[in-house]
Amino acid sequence: MYSFTRYLTAKKTVDDRALNRHVWDKMVEQLPKRPFSILEVGAGIGTMIERFNEHRLLQNVRYTAIDSEPANIDAAQQRLAPLAAHVDLALETIDLFDFIRREQGQRTWDLLIAHAFLDLMDVPAALPQLFSLLPSGGHFYFTINFDGATILQPTIDADFDALVEQLYHRTMDERITDGKRSGDSRSGRHLFAQLTAAGASVIAAGSSDWVVFAGENGYPADEAYFLRFIVQTMAQALADHPELDQARFDAWINRRHQQIDAGELVYVAHQLDFFGAIR
């Protein structure tokens, strides 16, 4: 049994390397000098809050973080307990759209953050609702938006590897949650036009690829677990897929786990970060 909260914990070091420095710096440059407010949606276990704290960006900030999973917010409360004395932080377990319905027209935030989250949604439908929580001129920071490349090395069988990647990406494009479209395997590139259509201007954008490999001392931190979770996610997404020989796919998954054991597996996922403002 794999733990999603452990996966999110293991992912932090991967994200730390991946986040685009140019986009991050532009976001930091635009933070107000006065007291200001941040809303993070799909906040997970609070790693972005930790990141802001590590960069000393939480002074004079009112930070609201929401996530629909109680286990994530429970983990965030434990991780962030040391900040409670000096950071104005509100954590809540709530569905995003329930939150929007409750707060729309009541409150706005100066900066909206969605980290590794937008590519799990119907972005064109979600953006206008998300932007309703920003004032005119408010900013957004949308990070780790998947953009169409899942690379696993070493090659096992080039043709079969390519088929697995193609079908895995298709599951993202066809994903339905609560009767609604909820995914896009090329979310990153599509965001440029989608943001413009939603009345936003992109100030900075850049790649934020995950790159995980084992060095002389093995995989960093808990990144072997991160890799196992990714491989298992692929296994679950493509289980009993009619276009795959299941026995061959099972052997392929087992081989990927063996490559992790041996410190051989290299994983790259192409993603994009965005910072901008609404008009």
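Brief remarks on what is shown
- Here the range 29-47 is the region considered, the condition is being under 19 Å from the mean Cα position of the chain (by Cα) and aliphatic (A, V, I, L, M), and the residue that is farthest from Thr5 (Cα to Cα) is Ile38.
- Answer from Ile144, Ile94, Ile100 - the residue that is within 23 Å of Ile73 (Cα to Cα), buried (at least 22 other Cβ atoms within 10 Å of the Cβ) and among the aliphatic types (A, V, I, L, M): Ile144
- Residue among Leu8, Leu39 that alone is touching a Gly at 6+ places or on another chain (Cβ under 8 Å) and under 27 Å from Ile100 (Cα atoms): Leu8
- Picking from residues in the range 26-47 that are in contact with a strand residue (DSSP E or B) (Cβ under 8 Å, 6 or more places away or on another chain) and aliphatic (A, V, I, L, M), the one that is surrounded by the most Cβ atoms within 10 Å (Cβ to Cβ) is Leu39.
- Top-ranked residue in the range 181-204 [being β-branched (Val, Ile, Thr) and out of contact with any Lys or Arg (no Cβ under 8 Å at 6 or more places or on another chain); ranked as surrounded by the fewest Cβ atoms within 10 Å (Cβ to Cβ)]: Thr196
- One residue stands out in the range 48-58 among those that are surrounded by 13 or more Cβ atoms within 10 Å (Cβ to Cβ) and part of a helix (DSSP H, G or I): the one that is nearest to the chain's Cα centre (by Cα), namely Met48.
- Picking from residues in the range 210-225 that are surrounded by 17 or more Cβ atoms within 10 Å (Cβ to Cβ) and either in contact with a strand residue (DSSP E or B) (Cβ under 6 Å, 6 or more places away or on another chain) or β-branched (Val, Ile, Thr) (or both), the one that is nearest to Leu133 (Cα to Cα) is Trp210.
- The residues in the range 155-207 that are in a helix (DSSP H, G or I) and under 17 Å from Gln271 (Cα atoms) can be counted, and the count is 16.
- Taking the criterion of being closer than 21 Å to Gln78 by Cβ and either of a type in the set (Ser, Thr, Tyr) or assigned to a helix (DSSP H, G or I) (or both), the only residue of the range 28-47 that qualifies is Thr47.
- Filter pass, Ala76 being surrounded by 19 or more Cβ atoms within 10 Å (Cβ to Cβ) and either outside any helix (DSSP H, G or I) or not hydrophobic (A, V, I, L, M, F, W, C) (or both): no
- Candidates Leu195, Leu163 - the one that is hydrophobic (A, V, I, L, M, F, W, C), within 14 Å of Ala125 (Cα to Cα) and modelled with pLDDT of 95 or more: Leu195
The values are calculated or read from the model by the stated rules, or taken from the named source; none is laboratory data. The structure presented is a predicted model; accordingly, all values stated were derived computationally and were not measured. Positions of Cβ are generated from backbone atoms using ideal geometry, with glycine treated the same way; all protein chains shown enter the neighbour counts.
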